[in-house]
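Colleague: The structure follows.
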Amino acid sequence: MSAYTRYKASLRKKEQTHQTQRINASMKINAGCKICSYSKCADALQWHHTNPDNKSCDPTKIKTLPRLLREIKKCVCVCANCHAEIKAGLHPEYLNEEEEVKKELQQSLFEKD
Ligand SMILES: [Zn+2]
């Protein structure tokens, strides 16, 4: 493979990644935050895996559309603030049982101190 062919192939890959992430951004805007309905800025919207055991990777790092769609099916769209609230346990409906157990364990550890 010539240097030029490799160069063209790398450009195609970069463009594919860019296009996938543009679609990711518009899907986040269309979905909006499931908790507070925020939908102004795609960068402030995140995919939350309702079951972290099913998480294969971070959707923002996915380079191809089929993989992105597969990953997003396991997620709900939430804004950064609501995502932090989910992680803090303020929205238990978005945490799976295992995370709730972890949370209870952490709380029981703090209560001992
Ligand atoms: Zn929100």
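Colleague: Could the peptides 84-95, 4-15 be put in order, highest first, of the mean number of other beta-carbon atoms found within 10 Å of their residues?
Modeller: Averaged packing, sorted descending, gives the order 84-95, 4-15.
Colleague: So, with +1 on the Cβ of K and R and -1 on the Cβ of D and E, and no other charges, what is the size of the charge dipole of the chain about its Cα centre, to the nearest 20 debye?
Modeller: 1180
Colleague: Which ³J(HN,Hα) values, rounded to whole Hz and listed in residue order, are derived for segment 54-61 from phi using the Karplus coefficients 6.51, -1.76 and 1.60 in 6.51 cos²θ - 1.76 cosθ + 1.60 with θ = phi - 60°, glycine and proline given as x?
Modeller: 8, 6, 8, 6, 6, x, 6, 9
Colleague: How much length would be gained if the chain were fully extended between Asn96 and Asp53, taking 0.36 nm per residue of separation minus their Cα-Cα distance, in nm to one decimal?
Modeller: Length gained between Asn96 and Asp53: 14.5 nm.
Colleague: Right, something else. I'd like to compare 72-83, 54-65: which one has the highest average count of other Cβ atoms within 10 Å, and what's the full order after that? Don't jump to the answer; show the numbers that get you there.
Modeller: On the way: 72-83: 18.3, 54-65: 13.8.
In decreasing order of mean packing, 72-83, 54-65 become 72-83, 54-65.
Colleague: Between Lys87 and His18, what length comes free when the chain is fully extended (0.36 nm per residue of separation minus the Cα-Cα distance, one decimal in nm)? Spell out each step's value before the answer.
Modeller: On the way: separation 69, 0.36 × 69 = 24.84 nm, distance 2.90 nm.
Residue separation times 0.36 nm, minus the Cα-Cα distance, leaves 21.9 nm.
Taken together, the values in this text are just the output of simple stated rules run on the coordinates, not laboratory data. Just so it is clear, the model here is predicted, and its values are computed rather than measured. Cβ: placed from backbone, ideal geometry, glycine included. Neighbour counts: every protein chain shown.
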